[in-house]
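Read the structure below first, then the notes.
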Amino acid sequence: MTETIPVTDSHGTVPVADPSQPLVQVRDLEVGFQTQNGLVKAVRGVSFEIYPGETVAIVGESGSGKSTTATALMKLLPGNGDITGGEVLVEGTNIVDHNEKQMAAIRGGVIGYVPQDPMSNLNPVWSVGFQVREAIRANGVATSKKDIEARAVEVLQQAGLGDAERRMKQFPHQFSGGMRQRVLIGIGLGADPKLLIADEPTSALDVTVQKVILDHIESLTRDKGTAVLLITHDLGLAAERASKVIVMNQGRIVEAGPSKDLLSNPQHPYTQRLIAAAPSLASRRLESSIAGESQDAKTFDVAQMAEQRAEAVDADAPAVISVRDLTKVFSIRKGGFRSEPFTAVDKISFDIPKGTTLALVGESGSGKSTAAKMILGLEEPTSGEITVGGTAMTGVSRKDLFNLRSRMQPVFQDPYSSLDPQRSIASSIAEPMRVHKTGDKEARRARVLELLEQVSLPAELFNRYPNELSGGQRQRVAIARALALKPDVVVLDEAVSALDVLVQAQILQLLADLQAELGLTYLFITHDLAVVRVIADNVAVMERGKIVESGTTDQIFENAREPYTQRLLDAIPGAGLEWTV
Amino acid sequence: MTLYVVKRLLQAIPVFFGTTFLIYFMVFSMPGDPVLALFGDRTPNPAVLEAVREQYNLDQPFIVQYFMYIKDFLTGNMGVTFSGQTVNDVFARAFPVTLQLVTIAVVAEFLLAVGFGLLSGLRKGKFADHASLLMALVLNSIPPFVALFLAQYFIGIKLGWAPVTVGANVSWGSLLLPGLTIALTIYVVGMRLMRGSVIEAREGDYVRTAYAKGLTSKRVTPVHVARNSLIPVITNTAASFGALIAGTTVTEGIFNIPGIGKVLYDAILRGENATVVSFVTILTVMYIIVNILVDLLYAVLDPRIRYV
């Protein structure tokens, strides 16, 4: 289904061109990639329009063709990709057959581009000033050396680099991720384009930085009357920022319309599923679906399933894991023989009662992953105590530590790199049992089959290899492996952060089911507060190595005391939106 | 930065003593008596023999001789050859010749590596890529001395385009043929490095961003693709510079070039120990310095690398 819906802009922007004529018209666009298995179509007949000054968002999961569509508008497809059908009209001219020179005239000047990953999109060997000046010179915005320099400083200042003049000679590695993204925004808007394509401009950044960057793009483009094509996987973010939302799935547009209508009255089942699966502030703690009424696996709905769990949690239950004044000090080399102590984790203490989930929340660099590593015994604490089921973990012999490890098992973020590609699924799941010499070969085989069933994977996967599995299936395997030794505690380090929203919802449901069934205790490390809402009983917020606030999930979400916590909550995309559910 | 250089130079001290000691020891252990050799077929007077031994400290224990040698070396006195010239003079005459030859070889190698590497990388999988890879493989497979003889025979003798031997007639022109021949046999390593980094850089995010700015490939290829790919090639070339200075013996022998390699070779045959030890010591020191310079070059080419 393809639709083109002209939408009047709701942001009250200043139109720069005839607002009744579309700036970009995409008609039946098809993009194919040449692979070993022949031509693979990534975009199959997409049509939409962008009018001057409006903000349009394309939303979809990975592989939906959203980024391919965006890069096709600038003809910046990777080497093996090509537009195989349809038209792209930029200001009325079809660019599909444009040569390199004609495209160079459109890129930068008519269509600006802000890429996803600020770490890899600036050339490391040239100064920041050089790379901005290059963009300005290429589009003839200024010609004399002095004017180019002045304009470069100006665009960087507008992009939010206050001390741009001083930093022009610096190199990208001397900038933080957020600062680099500002440089890329400056480059993208340097020649005052009529359309800015922002391809997941903030997904590589910390949540609080994300909000600042998006606010900045919004205000800059509004002032200049620039149209924006925002590519994102986050429906909440799209609805919050764009006036029109296009939902893509498997190379096709499944639904498009004004963002408020789309959110409050989604027509297509896929959009409905996306909305239902998105965790948000309005959600409640996930309850095991086994206990409640049976759920249709395909249309389950996070919010509908969610129930208050407060009474279910026994606050007096003994703590399975108890952490007292845990501290980790690294020494950072300062050059020569000098080094400086850096306190990554600073006297944190918490208890996790049996069968509950504690979410450890914070931005990158807050020390949450270091804390998790110490609890898993992968990093030696500088001081402090960790007690697991009454047994102290610090200062014990290697043999005792080895035995303790079987009681705590990890699940990591990236399901692609956390499974050995050379091992079959069964071999991966059975590995902890082999290491800890649990059971004989037959018993382990039976246990693997049992675990596959517990994580809802078909027994046929037994002899398969990770490359035959999807991201969600792989993460289920990683969970099965973590459960192999019947641990008391599972440490989930950003375990759902890399997953698409529908898969993420399924994995969260699986975790809730397993907790109810097996009485598991979770330590959930994440930067995503929206996920915390649906999985955690208690929350501890970390900032610069310290726990700045902790409490039950409801307390934190409804009544955060710390400004830092409040900032994290405000940064959740779509926080202020009315959701249908 | 300064601290880094000082640190590296301090590290070079044990390397210096280690290599010179080994060389000195090996030459010392070689069969034959250098003093007797001085007299040729005549039988010398034992008193004279004794006097000569004393004059050159040859009656001292090995370790004392070694440190006396090091002391002389460090004060700039490398001794005298059999024909009465100072080793300093011999080196001063031979070194510029070798430097000229190696410069030609290294510059040509660099240009070949960058040129064909860029061509191959940009046309990956196409005809030009296959042709360039095949050519590099063939040239690399020919042993250098065979290539040098072939070049000498066909280009020097049959076609007469270049002097067959150099001899006393040292000039950029006469050294061109041996220099280019060396370059052709060694450029394959640099070319493969260049090809690999071009292929990687071409698909890089910052290259796409450069195109998105509105730049054409005329600018993106040299400024963003080639510039970034040069880092490994330049360091490889600089490293081969050090290796070539010490490794031109075969080339200088075939083309009769009076450079370090030839002098060293002759000195070994004649058993002129002072020359051998001194030359090898100087080459060792130069090799160490070139390697430090190569490491510093990294920092110039890649701003992310800073030595503190």
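Residue-level check: of (1) open to solvent by 20 Å² or more (accessible area, probe 1.4 Å); (2) modelled with pLDDT of 90 or more, residue A:116 misses just (2). Condition check for residue B:218 on (1) outside any helix (DSSP H, G or I); (2) within 14 Å of chain A (Cβ to nearest Cβ); (3) surrounded by fewer than 19 Cβ atoms within 10 Å (Cβ to Cβ): one failure, at (1). Number of residues in segment A:547-565 that are in a strand (DSSP E or B) and touching a residue at least 24 places away in the same chain (Cβ under 8 Å): the value is 3. For residue A:202, the conditions (1) in contact with a Pro (Cβ under 6 Å, 6 or more places away or on another chain); (2) more than 14 Å from chain B (Cβ to nearest Cβ); (3) of a type in the set (S, T, N, Q) are fulfilled apart from (1). Every test in (1) at pLDDT 90 or above; (2) over 24 Å from residue A:192 (Cα atoms); (3) open to solvent by 50 Å² or more (accessible area, probe 1.4 Å) is passed by residue A:39 save one, and that test is (1). Which is within 24 Å of the chain's Cα centre (by Cα), away from every other protein chain (no Cβ under 14 Å) and at pLDDT 90 or above, of A:153, A:228? That would be A:228, the only listed residue that is within 24 Å of the chain's Cα centre (by Cα), away from every other protein chain (no Cβ under 14 Å) and at pLDDT 90 or above. Residues of segment A:87-101 that are out of contact with any Ser or Thr (no Cβ under 8 Å at 6 or more places or on another chain) and either of a type in the set (Asp, Glu) or more than 13 Å from chain B (Cβ to nearest Cβ) (or both): A:87, A:88, A:89, A:90, A:91, A:92, A:93, A:94, A:95, A:96, A:97.
Residue A:99 passes every criterion in (1) open to solvent by 30 Å² or more (accessible area, probe 1.4 Å); (2) touching a strand residue (DSSP E or B) at 6+ places or on another chain (Cβ under 8 Å) apart from (2).
Please find, within segment B:160-179, the residue that is surrounded by the most Cβ atoms within 10 Å (Cβ to Cβ) out of those that are under 21 Å from the mean Cα position of the chain (by Cα) and of a type in the set (A, V, I, L, M, F, W, C). Break it down stepwise before answering.
In the first step, residues of segment B:160-179 are kept if they are under 21 Å from the mean Cα position of the chain (by Cα); the result is B:165-167, B:170-179.
Pick out the ones that are also of a type in the set (A, V, I, L, M, F, W, C) and you get B:166, B:170, B:172, B:175-177.
Details: B:166: 23, B:170: 17, B:172: 11, B:175: 26, B:176: 16, B:177: 21.
My answer is B:175.
Would you check if residue A:107 is over 31 Å from the mean Cα position of the chain (by Cα), at pLDDT 90 or above and within 14 Å of chain B (Cβ to nearest Cβ)? Give the derivation first.
Working: over 31 Å from the mean Cα position of the chain (by Cα): no; at pLDDT 90 or above: yes; within 14 Å of chain B (Cβ to nearest Cβ): yes.
When the stated conditions are applied, residue A:107 does not pass them.
Does residue B:65 satisfy being open to solvent by less than 90 Å² (accessible area, probe 1.4 Å) and over 24 Å from the mean Cα position of the chain (by Cα)? Lay out the reasoning, then the answer.
Values: open to solvent by less than 90 Å² (accessible area, probe 1.4 Å): yes; over 24 Å from the mean Cα position of the chain (by Cα): yes.
When the stated conditions are applied, residue B:65 passes them.
Sort out for me the helices (runs of 4 or more DSSP H) sitting completely within segment A:351-456 that have 3 or more residues that are surrounded by fewer than 14 Cβ atoms within 10 Å (Cβ to Cβ). Where helices (runs of 4 or more DSSP H) fall fully within segment A:351-456 and carry at least 3 residues being surrounded by fewer than 14 Cβ atoms within 10 Å (Cβ to Cβ), they are A:398-405, A:441-454. Just one of the listed residues (B:79, B:84, B:115) is in contact with an Asp or Glu (Cβ under 8 Å, 6 or more places away or on another chain) and of a type outside the set (Lys, Arg), namely B:79. Are any residues in segment B:266-299 touching a Leu at 6+ places or on another chain (Cβ under 8 Å) and within 20 Å of residue B:71 (Cα to Cα), and if so, which ones? Across segment B:266-299, the qualifying residues are B:275, B:276, B:279, B:280. In the set (1) more than 11 Å from chain A (Cβ to nearest Cβ); (2) open to solvent by less than 40 Å² (accessible area, probe 1.4 Å), residue B:157 fails one condition alone, (2).
Collect the residues in segment A:173-196 that are out of contact with any Phe, Trp or Tyr (no Cβ under 8 Å at 6 or more places or on another chain) and within 9 Å of chain B (Cβ to nearest Cβ), keeping them in residue-number order.
If we filter segment A:173-196 for residues that are out of contact with any Phe, Trp or Tyr (no Cβ under 8 Å at 6 or more places or on another chain), which is where we start, we get A:173-182, A:184-187, A:189-195.
If the condition is that a residue be out of contact with any Phe, Trp or Tyr (no Cβ under 8 Å at 6 or more places or on another chain) and within 9 Å of chain B (Cβ to nearest Cβ), then A:173, A:174, A:184, A:187, A:190, A:191 are the ones that fit.
Restricting to segment A:126-144, name every residue that is facing chain B (nearest Cβ under 7 Å) and open to solvent by less than 10 Å² (accessible area, probe 1.4 Å). The answer is A:134, A:135.
May I ask you to list the residues in segment B:190-215 that are in contact (Cβ under 8 Å) with a residue 60 or more places away in the chain, open to solvent by 10 Å² or more (accessible area, probe 1.4 Å) and touching an Asp or Glu at 6+ places or on another chain (Cβ under 9 Å)? B:195 - this is the single residue of segment B:190-215 that is in contact (Cβ under 8 Å) with a residue 60 or more places away in the chain, open to solvent by 10 Å² or more (accessible area, probe 1.4 Å) and touching an Asp or Glu at 6+ places or on another chain (Cβ under 9 Å).
Matching residues to (1) over 16 Å from the mean Cα position of the chain (by Cα); (2) among the small types (Gly, Ala, Ser):
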residue	(1), (2)
A:489	yes, no
A:495	no, yes
A:503	no, no
A:507	no, no
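Restricting attention to segment A:427-458, the residues that are farther than 14 Å from residue A:487 by Cβ and β-branched (Val, Ile, Thr) total 2.
Among the residues of segment B:161-214, how many are within 14 Å of chain A (Cβ to nearest Cβ), assigned to a loop (DSSP other than H, G, I, E, B) and at negative phi? Let's see the steps before the verdict.
So in segment B:161-214, the residues within 14 Å of chain A (Cβ to nearest Cβ) come out as B:197-214.
Retained after the next criterion (residues that are assigned to a loop (DSSP other than H, G, I, E, B)): B:203-204, B:213-214.
Okay, now just the ones that are also at negative phi, so B:203-204, B:213.
Matching residues across segment B:161-214 total 3.
Checking the conditions here, which among A:548, A:503, A:477 is on the phi < 0 side of the Ramachandran plot, open to solvent by 20 Å² or more (accessible area, probe 1.4 Å) and at pLDDT 90 or above?
Numbers: A:503 fails: at pLDDT 90 or above; A:477 fails: open to solvent by 20 Å² or more (accessible area, probe 1.4 Å).
Sole residue among the options that is on the phi < 0 side of the Ramachandran plot, open to solvent by 20 Å² or more (accessible area, probe 1.4 Å) and at pLDDT 90 or above: A:548.
The values are calculated or read from the model by the stated rules, or taken from the named source; none is laboratory data. Values in this document were obtained by computation on a predicted structure and should not be read as measured data. So basically every Cβ, Gly included, is an ideal-geometry build from the backbone, and we count neighbours across all protein chains shown. SASA here: full protein model, heavy atoms, side chains in, ligands and nucleic acids out. Shrake-Rupley method; radii C 1.70, N 1.55, O 1.52, S 1.80 Å.
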